[in-house]
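The values are calculated or read from the model by the stated rules, or taken from the named source; none is laboratory data. This one's a predicted model, so the numbers in the text were calculated from it and none came from an experiment. Here Cβ is always computed from backbone atoms with ideal geometry, including for glycine, and neighbour counts include all displayed protein chains. Each accessible area value is taken on the protein alone, full model and side chains, heavy atoms only, with ligands, DNA and RNA left out. Shrake-Rupley method; radii C 1.70, N 1.55, O 1.52, S 1.80 Å.
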Amino acid sequence: MDHNFISVSDFTKEDILSLLHDAAFFEAHPNSRLLEGKVVATLFFEPSTRTRLSFETASNRLGARVIGFSDPASSSTSKGETLKDTIKMVSNYADVIVMRHYLEGAARYASEVTDVPIINAGDGANQHPSQTLLDLYSIWKTQGTLDNLDITMVGDLKYGRTVHSLVQAMSFFSPRFHFIAPQLLRMPNGYRDFCRRHSLPFDEQEEFTEKAINETDILYMTRIQRERFSDPREYEQVKNVYCLKNAMLEGSKPNLRVLHPLPRVNEIAYDVDDNPKAYYFQQAQNGVYARQAIICRMLDIPVGR
Ligand code: CP
């Protein structure tokens, strides 16, 4: 792994497993002061609650200082400064840059204009690799393994960068994928081809049934993302297409866990929240440990495990 964290396609299985072990260390020792004297920049050109705040919590707990912005309107981007110049400037101030941007490829581009490590916190509909690490950590913790699991992904599989990253990362662990999406939001060709090339079995359906829920180990719900649609009429067609209700989990496997990168809108009813199989809030908490592991890895700081 180089010193940038841009795309899951850059990682080996060993990279992933070793980061998961580091995340487990940070779960046990969240306040290890491994980043004293370091500055972490968080540049968010798109809205965020979990990713930005968990990166900042991860940094603060490790003793780093955090600079940055959560709204590009408050930065000189609003005066016309280019991404290249912004990255070059912030590189003068920070030891590592965490960046979310609405353009696919923006994080890769940023990594090409600076020697300071870039961590991709989401680039358009492309990738969200730090989310993937916390998703893997959540799956590993709850299932006791990453191997040979049935993973069912539901909702916006077209624009959902979290599911794209997760498909690639899980490819090391012999999963069986089940993709449930309306035709308009099918898993893109590129990722279906990826599954074929890696001999990963997958099926696709439009209907969200209890049978599908009962046969899976992980139910990965996603939000229909209004902000990714160029035609609002298309959003209107699919916006409430699926809603998981507590009663639908009655026949599910004991080990089933419901994951969701969040935020949710209405794809998981509130009556699911108290079901012990609902894991999405703990999943978000795992983000702090996973991001502590990522920042330390990017800065070549050994984790004492
Ligand atoms: N999961 C996720 O990326 O959430 P935020 O958009 O709140 O960061």
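Considering only residues that are within 16 Å of the ligand (Cβ to nearest atom), buried (at least 23 other Cβ atoms within 10 Å of the Cβ) and not charged (D, E, K, R), which ones fall in the stretch 88-105?
Across the stretch 88-105, the qualifying residues are 98, 99.
To keep it simple, each residue is scored yes or no on (1) at pLDDT below 95; (2) out of contact with any Lys or Arg (no Cβ under 7 Å at 6 or more places or on another chain); (3) of a type in the set (Gly, Ala, Ser); (4) farther than 14 Å from residue 40 by Cα.
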| site | (1), (2), (3), (4) |
| --- | --- |
| 57 | no, yes, no, no |
| 65 | no, yes, no, no |
| 71 | no, yes, no, yes |
| 83 | no, yes, no, yes |
| 94 | no, yes, yes, no |
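Working only within the stretch 24-66, note down all residues that are in a helix (DSSP H, G or I), away from the ligand (no atom under 16 Å from the Cβ) and open to solvent by less than 10 Å² (accessible area, probe 1.4 Å).
First, pick out the residues of the stretch 24-66 that are in a helix (DSSP H, G or I): 24-28, 50-61.
From what is left, the residues that are away from the ligand (no atom under 16 Å from the Cβ) are 24-28, 60-61.
Within the stretch 24-66, just 26 meets the criteria.
With respect to residue 109, is the statement that it is modelled with pLDDT of 95 or more and closer than 23 Å to residue 12 by Cα true? Don't jump to the end; show me each part of the working.
Details: modelled with pLDDT of 95 or more: yes; closer than 23 Å to residue 12 by Cα: yes.
So residue 109 passes the test.
For the stretch 283-294, indicate whether the set of residues that are open to solvent by 40 Å² or more (accessible area, probe 1.4 Å) and within 14 Å of the ligand (Cβ to nearest atom) is non-empty.
Going residue by residue through the stretch 283-294, those that are open to solvent by 40 Å² or more (accessible area, probe 1.4 Å) are 285.
Among the residues that remain, those that are also within 14 Å of the ligand (Cβ to nearest atom) are: 285.
Yes, that holds for at least one residue.
Which of the residues spanning the stretch 69-87 are touching a strand residue (DSSP E or B) at 6+ places or on another chain (Cβ under 8 Å) and either closer than 18 Å to residue 129 by Cβ or away from the ligand (no atom under 14 Å from the Cβ) (or both)? Can you show your working first?
From the stretch 69-87, those touching a strand residue (DSSP E or B) at 6+ places or on another chain (Cβ under 8 Å) are 69-72, 75, 83, 86-87; that's our starting set.
69, 72, 75, 83, 86, 87 - these are the residues of the stretch 69-87 that are touching a strand residue (DSSP E or B) at 6+ places or on another chain (Cβ under 8 Å) and either closer than 18 Å to residue 129 by Cβ or away from the ligand (no atom under 14 Å from the Cβ) (or both).
Going through the stretch 116-125 one residue at a time, which ones are within 13 Å of the ligand (Cβ to nearest atom) and either closer than 16 Å to residue 262 by Cβ or open to solvent by 10 Å² or more (accessible area, probe 1.4 Å) (or both)?
The answer is 121, 122, 125.
Can we say residue 24 is more than 26 Å from residue 264 (Cα to Cα), without any contact (Cβ under 8 Å) to a residue 60 or more places away in the chain and among the hydrophobic types (A, V, I, L, M, F, W, C)? Steps first, please.
Numbers: more than 26 Å from residue 264 (Cα to Cα): yes; without any contact (Cβ under 8 Å) to a residue 60 or more places away in the chain: no; among the hydrophobic types (A, V, I, L, M, F, W, C): yes.
No, not satisfied.
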